[in-house]
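One structure is given below, encoded as structure tokens.
The values are calculated or read from the model by the stated rules, or taken from the named source; none is laboratory data. The structure presented is a predicted model; accordingly, all values stated were derived computationally and were not measured. Cβ coordinates were reconstructed from backbone atoms using ideal geometry, including for glycine residues, and neighbour counts include every protein chain displayed.
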Amino acid sequence: MSSKSVKYTAGEIGRVRVVEDFLPSPDELVARDDTVKVTLQLSRRSVDYFKRAAKTRRVPYQRMIRALVDQYAERQGK
């Protein structure tokens, strides 16, 4: 590993330009869908599949199931 250190000096840093804040607020980053809690019984095989798939993608398995149902409903509603 290289242990080069940065040396800071006093003085001007050159031409600077102020950039307008364009980043969304934290609330806008976490978009919440209008959701409804339901009780749904699924086969163990299906739940195990989604848990394995979600683990490899590092997402909650419920989110994957919700996305699947949402896509199905979207296509059927057309």
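Within segment 13-34, being in a loop (DSSP other than H, G, I, E, B), under 30 Å from ALA67 (Cα atoms) and not aromatic (Phe, Trp, Tyr) holds for LEU23, PRO24, SER25, VAL30, ALA31, ARG32, ASP33, ASP34.
Considering only residues that are assigned to a helix (DSSP H, G or I) and out of contact with any helix residue (DSSP H, G or I) (no Cβ under 8 Å at 6 or more places or on another chain), look in segment 40-54 and name the one that is surrounded by the most Cβ atoms within 10 Å (Cβ to Cβ). Walk me through it before giving the result.
Keep residues of segment 40-54 that are assigned to a helix (DSSP H, G or I), which gives 44-54.
In the following step, the residues that additionally are out of contact with any helix residue (DSSP H, G or I) (no Cβ under 8 Å at 6 or more places or on another chain) were identified as 44-46, 48-49, 52.
Details: ARG44: 7, ARG45: 7, SER46: 10, ASP48: 12, TYR49: 14, ARG52: 11.
Across segment 40-54, the extreme among qualifying residues is TYR49.
Being without any contact (Cβ under 8 Å) to a residue 12 or more places away in the chain, on the phi < 0 side of the Ramachandran plot, part of a loop (DSSP other than H, G, I, E, B) and of a type outside the set (Ser, Thr, Tyr) is the requirement here; does ALA10 meet it? I'd like the intermediate steps shown before the answer.
Numbers: without any contact (Cβ under 8 Å) to a residue 12 or more places away in the chain: yes; on the phi < 0 side of the Ramachandran plot: yes; part of a loop (DSSP other than H, G, I, E, B): yes; of a type outside the set (Ser, Thr, Tyr): yes.
So ALA10 fits the description; yes.
Checked across segment 25-35, the condition of being exposed (fewer than 10 other Cβ atoms within 10 Å of the Cβ) and modelled with pLDDT of 80 or more holds for at least one residue.
Suppose we filter segment 36-69 for residues that are on the phi < 0 side of the Ramachandran plot and under 17 Å from the mean Cα position of the chain (by Cα); how many remain? Residues meeting the conditions: 15.
When segment 50-78 is filtered for residues that are of a type in the set (Phe, Trp, Tyr) and over 18 Å from THR39 (Cβ atoms), only TYR72 remains.
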